[in-house]
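Here is the structure we will look at, set down as C-alpha coordinates.
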Amino acid sequence: MEIMDHAASVAANTKGLMLRVVRKVALAQDIAGFELQAPDASTLPHFSPGAHLEVEVRAGLKRQYSLWAPPDGKTYRIGVLRAPDSRGGSAAMHDQVQVGDTLWCSTPKNHFELEENAAPILLLAAGIGITPILCMADTLHQRNVPFELHYAARSRERMAFAQHLQDAGYAQHTRLYVEGEAQARADLAQVVAAQPPGTHLYVCGPKGFIDVARQAADQAGWDAQRVHFELFGASVDPVALNAGDAFCVELRRSGRVIPIQAGVSIAESLLAAGVEVETSCEQGICGTCITRVLQGEPDHRDAYLTADEKAANDQMLICCSRAKSQRLVLDL
Ligand code: FES
(Lines give C-alpha, C1' and ligand atoms only; values in the text may rest on other atoms or scores of the structure.)
Protein backbone atom coordinates (compact mmCIF):
# COMPACT_ATOMS: atom_id res chain seq x y z
CA MET A 1 0.00 0.00 0.00
CA GLU A 2 1.01 3.62 -0.44
CA ILE A 3 2.04 4.01 3.20
CA MET A 4 4.57 1.17 2.92
CA ASP A 5 6.19 2.45 -0.28
CA HIS A 6 6.61 5.95 1.07
CA ALA A 7 7.82 4.68 4.45
CA ALA A 8 10.60 2.71 2.80
CA SER A 9 11.89 5.75 0.94
CA VAL A 10 11.66 7.98 4.01
CA ALA A 11 13.56 5.50 6.17
CA ALA A 12 16.36 5.38 3.66
CA ASN A 13 16.96 9.11 4.15
CA THR A 14 15.83 9.82 7.68
CA LYS A 15 17.01 8.69 11.08
CA GLY A 16 14.39 6.46 12.61
CA LEU A 17 13.01 2.97 12.49
CA MET A 18 11.00 0.99 9.99
CA LEU A 19 8.49 -0.95 12.07
CA ARG A 20 5.90 -3.51 11.07
CA VAL A 21 2.39 -3.51 12.52
CA VAL A 22 2.08 -6.98 14.06
CA ARG A 23 -1.23 -6.43 15.85
CA LYS A 24 -4.07 -3.94 15.72
CA VAL A 25 -6.83 -4.08 18.33
CA ALA A 26 -9.73 -1.96 19.56
CA LEU A 27 -8.74 -0.78 23.04
CA ALA A 28 -12.01 1.14 23.47
CA GLN A 29 -14.52 3.03 21.37
CA ASP A 30 -12.49 5.17 18.93
CA ILE A 31 -9.18 4.04 20.44
CA ALA A 32 -7.06 1.62 18.41
CA GLY A 33 -3.98 -0.12 19.78
CA PHE A 34 -1.03 -0.93 17.52
CA GLU A 35 1.84 -3.28 18.27
CA LEU A 36 4.98 -2.52 16.28
CA GLN A 37 8.10 -4.62 15.79
CA ALA A 38 11.22 -4.53 13.65
CA PRO A 39 10.60 -6.56 10.46
CA ASP A 40 13.30 -9.05 11.58
CA ALA A 41 11.96 -8.98 15.17
CA SER A 42 15.30 -7.59 16.37
CA THR A 43 15.69 -5.70 19.65
CA LEU A 44 14.29 -2.18 19.67
CA PRO A 45 15.82 0.88 21.38
CA HIS A 46 14.95 1.11 25.05
CA PHE A 47 12.55 3.77 26.35
CA SER A 48 11.39 5.04 29.71
CA PRO A 49 7.77 5.53 30.90
CA GLY A 50 6.16 8.66 29.48
CA ALA A 51 7.89 8.22 26.11
CA HIS A 52 6.20 8.56 22.74
CA LEU A 53 6.91 7.60 19.15
CA GLU A 54 6.63 9.94 16.25
CA VAL A 55 4.90 8.00 13.47
CA GLU A 56 4.59 8.99 9.84
CA VAL A 57 0.95 8.08 9.41
CA ARG A 58 0.96 9.01 5.74
CA ALA A 59 3.26 10.85 3.38
CA GLY A 60 4.50 14.02 5.08
CA LEU A 61 2.20 13.72 8.09
CA LYS A 62 3.81 12.81 11.42
CA ARG A 63 2.01 12.37 14.71
CA GLN A 64 3.09 11.50 18.24
CA TYR A 65 1.64 8.55 20.12
CA SER A 66 2.53 7.52 23.66
CA LEU A 67 3.87 4.09 24.48
CA TRP A 68 1.48 2.45 26.91
CA ALA A 69 3.33 -0.69 27.95
CA PRO A 70 6.74 -0.87 29.64
CA PRO A 71 9.59 -1.93 27.34
CA ASP A 72 9.95 -5.64 26.60
CA GLY A 73 12.78 -5.22 24.09
CA LYS A 74 10.86 -6.38 20.99
CA THR A 75 7.56 -4.52 20.78
CA TYR A 76 6.31 -0.96 20.97
CA ARG A 77 2.63 -0.55 21.87
CA ILE A 78 0.83 2.69 21.08
CA GLY A 79 -2.77 3.83 21.47
CA VAL A 80 -4.44 6.12 18.91
CA LEU A 81 -7.62 8.08 19.55
CA ARG A 82 -9.73 8.86 16.50
CA ALA A 83 -10.00 12.61 17.02
CA PRO A 84 -13.28 14.13 15.80
CA ASP A 85 -11.38 17.17 14.53
CA SER A 86 -8.51 15.11 13.16
CA ARG A 87 -6.34 16.79 10.54
CA GLY A 88 -5.91 13.34 8.98
CA GLY A 89 -3.46 11.70 11.40
CA SER A 90 -5.65 9.61 13.62
CA ALA A 91 -8.15 8.84 10.85
CA ALA A 92 -5.34 7.45 8.68
CA MET A 93 -4.13 5.26 11.54
CA HIS A 94 -7.63 3.92 12.18
CA ASP A 95 -8.78 3.46 8.60
CA GLN A 96 -5.69 2.77 6.52
CA VAL A 97 -2.95 1.22 8.62
CA GLN A 98 -3.35 -2.55 8.92
CA VAL A 99 -1.43 -5.55 10.28
CA GLY A 100 1.55 -6.24 8.02
CA ASP A 101 2.04 -2.59 7.01
CA THR A 102 5.39 -0.96 7.68
CA LEU A 103 5.62 2.53 9.13
CA TRP A 104 8.45 4.97 9.62
CA CYS A 105 8.75 5.79 13.33
CA SER A 106 11.21 7.86 15.30
CA THR A 107 13.12 6.24 18.09
CA PRO A 108 11.26 6.84 21.38
CA LYS A 109 11.37 10.41 22.70
CA ASN A 110 10.42 11.46 26.18
CA HIS A 111 9.32 14.92 27.34
CA PHE A 112 7.26 13.48 30.18
CA GLU A 113 9.88 11.52 32.03
CA LEU A 114 9.11 9.73 35.26
CA GLU A 115 11.77 10.90 37.70
CA GLU A 116 13.65 7.88 38.96
CA ASN A 117 13.81 8.82 42.62
CA ALA A 118 10.59 10.78 42.98
CA ALA A 119 8.09 9.20 45.38
CA PRO A 120 5.32 9.06 46.31
CA ILE A 121 3.56 9.69 43.04
CA LEU A 122 0.09 10.79 41.99
CA LEU A 123 -0.98 9.78 38.47
CA LEU A 124 -3.96 11.53 36.85
CA ALA A 125 -5.32 10.63 33.41
CA ALA A 126 -8.33 11.52 31.32
CA GLY A 127 -9.34 9.89 28.04
CA ILE A 128 -6.45 8.87 25.80
CA GLY A 129 -4.15 10.46 28.39
CA ILE A 130 -4.16 7.05 30.08
CA THR A 131 -1.55 5.73 27.60
CA PRO A 132 1.66 7.18 29.11
CA ILE A 133 0.13 7.06 32.59
CA LEU A 134 -0.57 3.31 32.31
CA CYS A 135 3.05 2.72 31.33
CA MET A 136 4.09 4.67 34.43
CA ALA A 137 1.68 2.78 36.70
CA ASP A 138 2.86 -0.65 35.51
CA THR A 139 6.50 0.41 35.87
CA LEU A 140 6.04 1.89 39.34
CA HIS A 141 4.23 -1.26 40.45
CA GLN A 142 7.11 -3.41 39.16
CA ARG A 143 9.53 -1.20 41.12
CA ASN A 144 7.43 -1.19 44.31
CA VAL A 145 7.17 2.60 44.26
CA PRO A 146 4.03 3.88 46.06
CA PHE A 147 1.52 5.67 43.83
CA GLU A 148 -2.15 6.46 43.38
CA LEU A 149 -3.92 6.51 40.00
CA HIS A 150 -7.10 8.42 39.09
CA TYR A 151 -8.50 7.91 35.58
CA ALA A 152 -11.56 9.58 34.07
CA ALA A 153 -13.44 8.76 30.86
CA ARG A 154 -16.61 9.97 29.16
CA SER A 155 -18.17 6.48 29.16
CA ARG A 156 -17.34 2.83 29.91
CA GLU A 157 -17.07 2.21 26.16
CA ARG A 158 -14.42 4.94 25.85
CA MET A 159 -12.41 3.76 28.84
CA ALA A 160 -9.34 1.94 27.52
CA PHE A 161 -7.57 -0.56 29.79
CA ALA A 162 -10.39 -0.73 32.37
CA GLN A 163 -10.01 -4.52 32.68
CA HIS A 164 -6.23 -4.27 32.85
CA LEU A 165 -6.54 -1.79 35.72
CA GLN A 166 -9.10 -3.90 37.57
CA ASP A 167 -6.84 -6.97 37.31
CA ALA A 168 -3.60 -5.14 38.11
CA GLY A 169 -1.81 -5.68 41.39
CA TYR A 170 -2.33 -1.99 42.15
CA ALA A 171 -6.13 -2.01 41.67
CA GLN A 172 -6.63 -0.92 45.29
CA HIS A 173 -4.68 2.26 44.53
CA THR A 174 -6.73 3.05 41.40
CA ARG A 175 -9.94 5.08 41.10
CA LEU A 176 -11.96 5.10 37.88
CA TYR A 177 -14.45 7.88 37.05
CA VAL A 178 -17.08 7.51 34.33
CA GLU A 179 -19.47 10.29 33.39
CA GLY A 180 -23.06 9.40 34.22
CA GLU A 181 -22.08 6.82 36.85
CA ALA A 182 -22.07 7.15 40.63
CA GLN A 183 -18.36 8.00 40.61
CA ALA A 184 -18.64 10.51 37.76
CA ARG A 185 -15.88 13.05 38.29
CA ALA A 186 -12.68 13.26 40.21
CA ASP A 187 -12.50 16.14 42.65
CA LEU A 188 -8.92 16.95 41.71
CA ALA A 189 -8.50 19.60 44.39
CA GLN A 190 -9.45 17.03 47.03
CA VAL A 191 -7.29 14.30 45.48
CA VAL A 192 -4.25 16.60 45.35
CA ALA A 193 -4.80 17.94 48.86
CA ALA A 194 -4.92 14.39 50.26
CA GLN A 195 -1.42 13.47 49.03
CA PRO A 196 1.53 13.16 51.41
CA PRO A 197 4.14 15.95 51.39
CA GLY A 198 6.65 15.79 48.55
CA THR A 199 4.35 13.90 46.16
CA HIS A 200 5.08 14.32 42.45
CA LEU A 201 2.12 14.73 40.10
CA TYR A 202 2.03 13.30 36.56
CA VAL A 203 -1.06 14.30 34.61
CA CYS A 204 -2.04 13.61 31.00
CA GLY A 205 -5.22 14.29 29.05
CA PRO A 206 -7.14 17.16 27.47
CA LYS A 207 -6.10 20.73 28.24
CA GLY A 208 -9.06 21.47 30.56
CA PHE A 209 -8.27 18.45 32.72
CA ILE A 210 -4.60 19.34 32.95
CA ASP A 211 -5.40 22.96 33.77
CA VAL A 212 -7.62 21.91 36.68
CA ALA A 213 -4.97 19.51 37.99
CA ARG A 214 -2.22 22.14 37.76
CA GLN A 215 -4.41 24.73 39.47
CA ALA A 216 -5.19 22.25 42.25
CA ALA A 217 -1.48 21.61 42.79
CA ASP A 218 -0.76 25.33 42.70
CA GLN A 219 -3.47 26.10 45.24
CA ALA A 220 -2.20 23.33 47.49
CA GLY A 221 1.20 25.07 47.44
CA TRP A 222 3.03 22.43 45.41
CA ASP A 223 6.32 23.44 43.88
CA ALA A 224 5.98 23.56 40.05
CA GLN A 225 8.97 21.22 39.84
CA ARG A 226 6.76 18.47 41.22
CA VAL A 227 4.07 18.94 38.60
CA HIS A 228 4.65 17.12 35.31
CA PHE A 229 2.15 17.13 32.49
CA GLU A 230 1.64 16.10 28.91
CA LEU A 231 -1.05 17.54 26.74
CA PHE A 232 -2.62 15.96 23.69
CA GLY A 233 -2.87 18.15 20.63
CA ALA A 234 -6.51 17.87 19.62
CA SER A 235 -7.41 21.03 21.52
CA VAL A 236 -4.84 23.22 19.80
CA ASP A 237 -5.86 25.41 16.85
CA PRO A 238 -2.80 25.64 14.55
CA VAL A 239 -4.15 28.70 12.72
CA ALA A 240 -4.58 30.68 15.94
CA LEU A 241 -1.10 29.63 17.03
CA ASN A 242 0.60 31.45 14.18
CA ALA A 243 -1.68 34.45 13.83
CA GLY A 244 0.16 37.73 14.34
CA ASP A 245 2.34 40.38 12.75
CA ALA A 246 5.65 39.96 10.96
CA PHE A 247 8.95 40.36 12.84
CA CYS A 248 12.63 39.37 12.48
CA VAL A 249 14.74 36.70 14.04
CA GLU A 250 18.50 37.13 14.34
CA LEU A 251 20.56 33.96 14.67
CA ARG A 252 23.39 34.83 17.05
CA ARG A 253 25.82 32.13 15.88
CA SER A 254 25.72 33.01 12.19
CA GLY A 255 24.51 36.61 12.40
CA ARG A 256 21.82 35.88 9.83
CA VAL A 257 18.55 37.78 10.07
CA ILE A 258 15.45 35.88 8.96
CA PRO A 259 12.13 37.67 8.41
CA ILE A 260 9.13 35.90 9.92
CA GLN A 261 5.97 36.65 7.93
CA ALA A 262 2.52 36.97 9.49
CA GLY A 263 0.89 33.54 9.83
CA VAL A 264 4.17 31.62 9.42
CA SER A 265 5.98 30.09 12.37
CA ILE A 266 9.62 30.78 13.25
CA ALA A 267 10.47 27.10 12.76
CA GLU A 268 8.89 27.02 9.29
CA SER A 269 10.67 30.23 8.30
CA LEU A 270 14.03 28.94 9.51
CA LEU A 271 13.61 25.64 7.70
CA ALA A 272 12.68 27.48 4.51
CA ALA A 273 15.88 29.52 4.90
CA GLY A 274 17.94 26.32 5.18
CA VAL A 275 18.47 26.50 8.95
CA GLU A 276 18.20 23.12 10.61
CA VAL A 277 15.75 23.06 13.53
CA GLU A 278 14.18 20.06 15.20
CA THR A 279 10.41 19.96 15.61
CA SER A 280 7.91 17.26 16.43
CA CYS A 281 4.35 18.20 17.48
CA GLU A 282 4.48 21.69 15.88
CA GLN A 283 1.76 22.73 18.33
CA GLY A 284 3.69 23.93 21.36
CA ILE A 285 3.07 20.76 23.29
CA CYS A 286 6.11 18.51 23.23
CA GLY A 287 9.05 20.84 23.92
CA THR A 288 11.26 19.51 21.09
CA CYS A 289 11.84 22.94 19.50
CA ILE A 290 12.76 24.78 22.71
CA THR A 291 15.31 27.51 21.93
CA ARG A 292 17.23 30.02 24.06
CA VAL A 293 16.26 33.66 23.62
CA LEU A 294 19.16 36.10 23.97
CA GLN A 295 17.33 39.37 23.24
CA GLY A 296 13.80 40.55 22.54
CA GLU A 297 10.46 39.60 24.02
CA PRO A 298 8.74 36.39 22.92
CA ASP A 299 4.97 36.10 22.61
CA HIS A 300 4.54 32.67 24.17
CA ARG A 301 1.78 30.59 22.58
CA ASP A 302 2.80 27.13 23.76
CA ALA A 303 1.32 24.84 26.38
CA TYR A 304 4.69 23.46 27.43
CA LEU A 305 6.51 26.11 29.46
CA THR A 306 5.32 26.98 32.94
CA ALA A 307 4.10 30.51 33.74
CA ASP A 308 7.42 31.24 35.49
CA GLU A 309 9.43 29.96 32.54
CA LYS A 310 7.40 32.13 30.18
CA ALA A 311 7.84 35.17 32.40
CA ALA A 312 11.64 34.72 32.35
CA ASN A 313 11.55 35.23 28.55
CA ASP A 314 14.87 33.44 28.08
CA GLN A 315 13.53 30.46 26.11
CA MET A 316 10.68 29.81 23.72
CA LEU A 317 9.03 27.18 21.55
CA ILE A 318 9.75 28.26 18.01
CA CYS A 319 7.13 26.04 16.37
CA CYS A 320 4.33 28.28 17.60
CA SER A 321 5.45 31.23 19.72
CA ARG A 322 6.01 34.62 18.13
CA ALA A 323 7.44 38.00 19.19
CA LYS A 324 6.15 41.04 21.00
CA SER A 325 9.28 42.95 20.00
CA GLN A 326 10.28 43.75 16.41
CA ARG A 327 13.29 41.46 16.66
CA LEU A 328 14.26 38.34 18.58
CA VAL A 329 17.85 37.17 18.93
CA LEU A 330 18.02 33.39 19.28
CA ASP A 331 20.86 31.14 20.36
CA LEU A 332 21.02 29.39 16.98
FE1 FES B 1 6.63 20.41 19.88
FE2 FES B 1 7.57 22.82 19.23
S3 FES B 1 7.72 21.01 18.12
S4 FES B 1 6.69 22.21 21.09
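Laid out as a table, the results:
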read-out: Filter result for the condition that a residue is β-branched (V, I, T) and under 25 Å from I290 (Cβ atoms), over V203, V191; value: V203
read-out: Condition met for A323 (away from the ligand (no atom under 14 Å from the Cβ), out of contact with any Leu (no Cβ under 8 Å at 6 or more places or on another chain) and more than 21 Å from D245 (Cα to Cα)); value: no
read-out: Of residues in the range 56-81 being of a type in the set (V, I, T) and touching a Phe, Trp or Tyr at 6+ places or on another chain (Cβ under 6 Å), the one nearest to L231 (Cα to Cα); value: V80
read-out: Members of the range 99-111 that are at pLDDT 90 or above and assigned to a loop (DSSP other than H, G, I, E, B); value: V99, G100, D101, S106, T107, P108
read-out: Tally of residues being within 16 Å of the ligand (Cβ to nearest atom), aliphatic (A, V, I, L, M) and either in a loop (DSSP other than H, G, I, E, B) or free of Cβ contacts under 8 Å to residues at least 40 places away in the same chain (or both) across the range 248-271; value: 2
read-out: Only listed residue being open to solvent by 10 Å² or more (accessible area, probe 1.4 Å) and touching a helix residue (DSSP H, G or I) at 6+ places or on another chain (Cβ under 7 Å), chosen from T102, T107; value: T102
read-out: Residue list for the range 275-332, filter: basic (K, R) and open to solvent by less than 30 Å² (accessible area, probe 1.4 Å); value: R322
read-out: Failed item, numbered, when S90 is tested on (1) in contact with a Lys or Arg (Cβ under 7 Å, 6 or more places away or on another chain); (2) surrounded by fewer than 17 Cβ atoms within 10 Å (Cβ to Cβ); (3) among the hydroxyl-bearing types (S, T, Y); value: (2)
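The values are calculated or read from the model by the stated rules, or taken from the named source; none is laboratory data. In this text the structure is predicted, and so the values were computed from the model without any measurement. We place every Cβ from the backbone using ideal geometry, glycine too, and count neighbours over all the protein chains shown. Heads up: the accessible areas ignore ligands, DNA and RNA and are worked out on the full protein's heavy atoms, side chains in. Shrake-Rupley method; radii C 1.70, N 1.55, O 1.52, S 1.80 Å.
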